[in-house]
Amino acid sequence: MVTYLPDIKKRKKNIKYLTPEESEMIRDCLYDTGNHLSARNRALGMLLYFTGLRASDAAKLRFEDIDWEKDEIHILQHKSGVPVNIPLSATVGNAIFDYIQNERPKSENPQIFLCGYPPYDPISGDTMWVIASTIYKAAGVRQTKDKRRGTHLFRYHLATYLAEQGISQPVISEVLGHEAPESLDYYLAADITHLRECALSMEEFPVGEEVFSL
């Protein structure tokens, strides 16, 4: 009798996403040096928003991971152990440099981002969640209990935005540091209407010029 039953299609979970309005408000907040965001939180927000780095990798970023001459970030991803090279835009680089020069506590620790109080230990994953919440609050978005405010929203946003621009899955996977293009499927589970709502400039996202010749 089971053979007569229709196949039940597996439903894909629709991921949480940033609306165009939320994305613009967050971006404006990160650019606004007159608000109450600290230089550290602003730099980390820039990293998450413009590069799609996982929070764990952003938190563990070391001085040796940044090639200032070539404007690149080279890391071994904490989750997968896969190396990834990410272009460092002037926007993100300047924010990191501002933190290092003007706010970072004096410390010999090789990790860039430290807690703001003694003994100035490197920040943790829990701290990253708090930082993301601080950015959402400063931007005035996602302040109700039903709204997700985690760091992964920035990563989802970059993936879906690049997909909407017609960038191929292998290239997006490379940007996000995935080992296989199919790893991207979860990120692209948002429906096409949501994808088409994204309409930001490509200039500050980490995709090389060769992408547009595909």
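Read the figures in this text as sums done on the coordinates, not as results from a lab. No experiment lies behind these values; they were computed from the predicted model shown. Quick reminder, even Gly has a Cβ in these numbers, built from the backbone with ideal geometry, and neighbours come from all protein chains shown.
Which distance in nm do the two modelled labels at residue 121 and residue 62 give, with both placed 7 Å along the Cα-to-Cβ direction?
With each label point 7 Å from Cα toward Cβ, the separation is 1.9 nm.
Looking at segment 27-135, which GluC sites (Glu not before Pro) are DSSP coil and have at most 10 other C-beta atoms within 10 Å of their C-beta? If you can, show how the numbers build up before the last one.
On the way: sites: 64, 69, 72, 103, 108; in loops: 69, 103, 108.
Here the GluC sites (Glu not before Pro) that fit, given the DSSP loop and packing criteria, are 69, 108.
Using 0.36 nm times the number of residues separating residue 94 and residue 109, minus their current alpha carbon distance, what extension gain do you get?
Details: separation 15, 0.36 × 15 = 5.40 nm, distance 2.07 nm.
Full extension from residue 94 to residue 109 adds 3.3 nm.
Go ahead and run the numbers for FRET between residue 143 and residue 69, Cβ-Cβ distance against an R0 of 45 Å, rounding to 0.05. Before the final figure, lay out each step's value.
On the way: r = 41 Å, r/R0 = 0.92.
Taking R0 as 45 Å, the efficiency between residue 143 and residue 69 is 0.65.
Quick check: Cα centre of segment 137-158 to Cα centre of segment 49-64, how many Å?
18 Å
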